[in-house]
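Read the structure below first, then the notes.
The values are calculated or read from the model by the stated rules, or taken from the named source; none is laboratory data. Note that the structure is predicted; figures quoted are calculated from it, not measured. When we count neighbours, we look across all protein chains shown, and the Cβ atoms used for this are built from the backbone with ideal geometry, even at glycine. Note: areas computed on protein heavy atoms with side chains; ligands, DNA, RNA excluded. Shrake-Rupley method; radii C 1.70, N 1.55, O 1.52, S 1.80 Å.
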Amino acid sequence: MSRIVLTTIGSFGDLHPKIAIALELRRRGHDIVFATHREYQHKIEALGFEFHRMRPDNTALNDPEEMARMMDLRTGTEYVVRNWVCASLRETYTDLMNTAKNADLIINGEGVLAARLVAEKLGISWIPTVLQPLSFLSAYDPSVLPALPAIFQLPGFNLIAQRGIRPLSKLLSKAWAKPVYQLRQEIDLPPLKGNPLIDDKYPPGLVLTMFSPVLAKPQPDWPTNTVLTGFTFYDGSEGGRQLPSELEQFLNAGEPPIVFTLGSAAVVSPGQFYEESIKAVNHLNRRAVLLMGKNAPPANLPNSIIAVNYAPYSQLFSRACAIVHQGGVGTTAQALRAGRPTLVTPYSVDQPDNAARVKRLGTSRTVSRKQYIAKRVAKQLNELLDNPNYAARSIKIGAIIRAENGVNVACDAIEKQLKAV
């Protein structure tokens, strides 16, 4: 039995894939410890796992203005790295070091830059988890990066030009990583050969790539030690969590609705998303479910629309006729698995790239945040629902995703790595 520290920062989209593999690793006899935001303590401890607070705290979950800065299409990624991840690097390192002192292995989300420092200092292995194709910045499978000049988003941009994206990203983010270089020097670790955010961020051992090959296939410029597992799903329904009774009654009372959700992060700063969505479904004369988080439900909703704070996607999405969402990889994965067509309105970070990928799959359409107004949304949904090709393609992709077993593939790879150490 090995003692394994799972550490992540971010939203439920970052946390839930780690919970999925933690449950299976515990079933296989390993001792699992979580180090993450204090806001997730109750969720982790309710599952029976040892929990350790790791800074930074995720105060943005209750701060719409801070979340809006993080979700800015052009500057959100830089803001998160500079003002959240790297600004708290020393605190993250201290907290994670205290948690991992007796550990055999660290499995980390990409945002936990301190994981590598702790692992190197303790002389143990670390396994990064990659949740979305954007992370690899592949020249052979180009990604959409809103922070880069518009020319890099042009369709058919040739391979030679695409190869310039990674060096350009490295140059743009060089200053962001300065705290990493400084802390490595302070704790007597050798200097890095490259940029820890771009081209020097993976270990010589395993890299767990926890998305489906449906979303992106392995490329020549991915790390050679990458294992593509498929999605790893968890949303609470595995523990018997059911849909709220009023939602269950609503679903049983009529035609499958359109589900509107902004995940667990963008929902904190939704803008006019819900107001415009209500107008759109009224125009279409459709039923709708609004997943609103902590936002107050709109007053005087018609009987054709229900608003709830949360529902397990795995139980709700398959009962929808379509899903409108922000393009986070966790929400995207659940929608693909459900086999339902989607309309994506991407906010920031990996979401524009995820939106482009599901559009290419033929399961989705996209409308930008700036263009998310009722008339345009209604038109997009009409085209999505009236064209049978979207539903047929979604059903086909859903069957492929459901046949995968990302959790077992991931845990097999982790145990193989443990034996190799």
Cα-based helix-to-principal-axis angle, 12-27 vs the chain, degrees rounded to 10: 60
Chain lengthening between ARG26 and THR94 when straightened (0.36 nm per residue, less Cα-Cα): 21.9 nm
Extension gain from ASN282 to ARG3, taking 0.36 nm per residue of separation minus the Cα-Cα distance: 95.1 nm
For the range 1-79, alpha-carbon Rg and Dmax in angstrom: 14.4, 45
Angle between the chain longest axis and helix 388-403 axis [Cα atoms, degrees, rounded to 10]: 40
Mean-position separation - Cα centroids, the range 260-282 and the range 371-393, in angstrom: 16
Net charge, PRO352 excluded, C-beta distance under 12 Å - Lys, Arg +1, Asp, Glu -1: +2
Euclidean distance of C-alpha centroids, the range 307-337 and the range 403-421, integer Å: 27
Cα-only Debye scattering, the range 269-348: base-10 log of I(q)/I(0) at q = 0.16, 0.18, 0.23 Å⁻¹: -0.61, -0.78, -1.31
The range 370-421: C-alpha gyration tensor shape, a/c 1.5 cut-off, then a/b vs b/c: oblate
P(r) histogram, all alpha-carbon pairs of the range 193-271 included - 10 Å bins from 0, percent: 12, 24, 29, 21, 11, 2, 0
Fraction of the pair-distance distribution of the range 195-339 above 29 Å, Cα-Cα pairs, percent: 29
Label-point separation in nm, GLN371 to GLU415, each point 7 Å along Cα→Cβ: 4.9
With Cα atoms, 0 to 90° folded angle of helix 273-284 axis to the chain main axis: 30
Over 19 Å between alpha carbons, listed pairs LYS217/LYS370; LYS101/LYS121; LYS217/LYS359; LYS170/LYS193; LYS294/LYS375: LYS217/LYS370; LYS294/LYS375
Helix-derived mean residue ellipticity, 222 nm - over the chain, DSSP H n ≥ 4, -39500 (n - 2.57), to 500: -11500 deg cm²/dmol
Rounded Å value of the spacing that divides the Cα centres of the range 62-120 and the range 165-229: 14
Read-out mean projected area of the Cα convex hull in nm², derived from the coordinates shown; its label in (i) 22.9; (ii) 25.7; (iii) 19.2: (iii)
Accessible-area ranking of ILE400, ILE9, largest first, probe 1.4 Å: ILE400, ILE9
Debye intensity ratio in log₁₀ form over the Cα atoms of the range 277-421, taken at each q of 0.11, 0.12 Å⁻¹: -0.46, -0.54
Calculated Rg and Dmax of the range 96-148 using C-alpha coordinates, Å: 14.4, 42
